[in-house]
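Accompanying notes for the structure given below.
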Amino acid sequence: HAMDSKVGEVLLYYCYCEVKDPEKLCAWQKALCQHLHLTGKVRVASEGINGTVGGSKVATSLYIEVMLSQPLFSDILCQEDFKSSAGGAHCFPDLRVGVFQEIVPMGVDPNIVSYKETGIHLSPQEFHKEVEQYLSQASLGQSDTILLDCRNFYESKIGHFQGCLAPDIRKFSYFPSYIDENLELFKDKRVLMYCTGGIRCERGSAYLRSKAVCREVYQLKGGIHKYLEEFPDGFYRGKLFVFDDRYAICSNEDIISACRYCGTLWDQYKLCSSQHCRQLVLTCPSCRNKGLTACCPVCQEKELKVASMAPGQTLKEECECTRRRPRVPIEHVSQRTLDIGKD
């Protein structure tokens, strides 16, 4: 499996534009992917398109060519907008192309908070300079800047920028509430935001700007993906979480997270072994061999119960991880100490 992962690629891209007939675009997109034997997920909406697809190198380069020549995108999308990493069709279970209200699920009507009101885009080089400046000021305790990770907790847990504020949220649709509940934190601050490929920042920065409390809002153009191409050993430490069967891609050998059970350094996710639980768990090989394969004791117990149950019986969906995590965490500004050093 490690061998064949180098053969093809996985592409990640998005394009905000006016789509008059999303259903038609969806059908075209589906046919295109099927023709090229690409797997993955593509979201189409009246506000644009967002996709991550995997296949052979020949297929992915043809895909880019066709996408760039499609009149809808030709003026907006460019080669640079496609982020690629080693992988292939095997990275996804199937192909899913659908029409949605938003091309990234923030849960806010695009007519109310539009991608058109986004923050200032910074190139990886500009962003790198900003982070460098922020880290040197923050270590002296005099920063007016917040380096904000727009991703979910399980993403930032295995890799993030040094000194970032990484919200303990489970999905992006909780991000607006996170901003609302922690508005004080952002007051008069310069905010540098980042995400995987840039798309969550497009809406996230627009949402933050709509609150009119920040001094300035910046975002990393092309996301961590593009940053790592230029600065594999920069200020981003650890792995980059991706939403396919690979779970993570790496630019350096850093491991910043630990096994849930024994605390040894470990950053390779597996799905919780308990049926129906969708949580990811960091459990190292030696703990896995001891049978510690669930995300929490509740799920581990549940697994034992399932084994001894009569067929047809079902168990209530329970999981400590979900139960314990507040939907929207409140940051305590005064106590917030930044981990500025090497994480």
(request) Would you kindly state how much longer the chain becomes between ARG215 and ARG170 on full extension, computed as 0.36 nm times their sequence separation minus their alpha carbon distance, in nm to one decimal? (result) 13.5 nm
(request) For the chain, set up a Gaussian network in which alpha carbons nearer than 10 Å are linked by springs, and say which option among ALA31, ALA45, ALA258 fluctuates the most. (result) ALA31
(request) Report, in whole Å, the centroid distance computed from the Cα atoms of the stretch 35-83 and the stretch 191-267. (result) 22
(request) At 1.4 Å probe size, with every protein chain present, just tell me what the per residue accessible area of the stretch 28-136 comes to in Å². (result) 48
(request) Would you calculate, for the chain, the mean residue ellipticity at 222 nm contributed by helices, counting each DSSP H stretch of 4 or more residues as -39,500 (n - 2.57) and dividing by all residues, to the nearest 500? (result) -8500 deg cm²/dmol
(request) Take the solvent-accessible surface of the protein heavy atoms, probe 1.4 Å, and return the percent of it on the chain that carbon and sulfur atoms account for. (result) 52
(request) Search the structure for amide H atoms under 5 Å from the amide H of LEU148, placed 1.01 Å from N in the peptide plane, and list their residues when 5 or more places away or on another chain. (result) LEU165, LEU192, MET193, TYR194
(request) Run down the lysines and flag those whose C-alpha is under 28 Å from the C-alpha of LYS187, throwing out any fewer than 8 positions away in its chain. (result) LYS116, LYS129, LYS157, LYS171, LYS211, LYS221, LYS342
(request) List the residues whose amide H sits under 5 Å from the amide H of GLY238, counting only those 5 or more places along or on another chain, with H placed 1.01 Å from N in the peptide plane. (result) ASP254
(request) Report, by chain and number, residues whose modeled amide H sits under 5 Å from the one on THR39, excluding near sequence neighbours (fewer than 5 apart, same chain). (result) GLY54
(request) Give the calculated FRET efficiency between SER61 and SER308 to the nearest 0.05, with a Förster radius of 45 Å applied to their Cβ-Cβ distance. (result) 0.30
(request) Answer rounded, prolate or oblate for the stretch 128-181, using the Cα gyration tensor with square roots of eigenvalues a ≥ b ≥ c: rounded when a/c is under 1.5, else prolate when a/b is larger than b/c, else oblate. (result) prolate
(message) Could you compute how much accessible surface HIS128 exposes when probed at 1.4 Å, giving the result in Å² to the nearest 10?
(response) 30
(request) Please report the relative contact order for the stretch 9-99, taking Cα pairs under 8 Å with a sequence separation of at least 6, and give it as a percent rounded to a whole number. (result) 45
(request) Could you run the Karplus curve 6.51 cos²θ - 1.76 cosθ + 1.60 with θ = phi - 60° over the stretch 144-152 and give me ³J(HN,Hα) per residue in whole Hz, x for Gly and Pro? (result) 9, 10, 10, 9, 10, 8, 8, 8, 8
(request) Read phi for every residue in the stretch 233-245 and hand back ³J(HN,Hα) as whole Hz from Karplus 6.51 cos²θ - 1.76 cosθ + 1.60, θ = phi - 60°, with x for Gly and Pro. (result) 10, x, 8, 8, 10, x, 8, 9, 5, 10, 8, 8, 5
(message) With mean projected area of the Cα convex hull in nm² as the read-out, I listed (1) 18.9; (2) 16.5; (3) 26.5; which label goes with the value calculated from this structure?
(response) (1)
(request) Please identify every one of the GluC sites (Glu not before Pro) in the stretch 16-47 that sits in a loop by DSSP and has no more than 12 other beta carbons within 10 Å of its own beta carbon. (result) GLU18
(message) With a cap of 11 neighbouring Cβ atoms within 10 Å, and only residues DSSP puts in a loop, list the trypsin sites (Lys or Arg not before Pro) found in the stretch 1-103.
(response) LYS20
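The values are calculated or read from the model by the stated rules, or taken from the named source; none is laboratory data. Computed from a predicted model, the values in this text were never measured in an experiment. When we count neighbours, we look across all protein chains shown, and the Cβ atoms used for this are built from the backbone with ideal geometry, even at glycine. When the accessible area is computed, the model is the full protein with side chains, heavy atoms only, and any ligands, DNA or RNA have been set aside. Shrake-Rupley method; radii C 1.70, N 1.55, O 1.52, S 1.80 Å.
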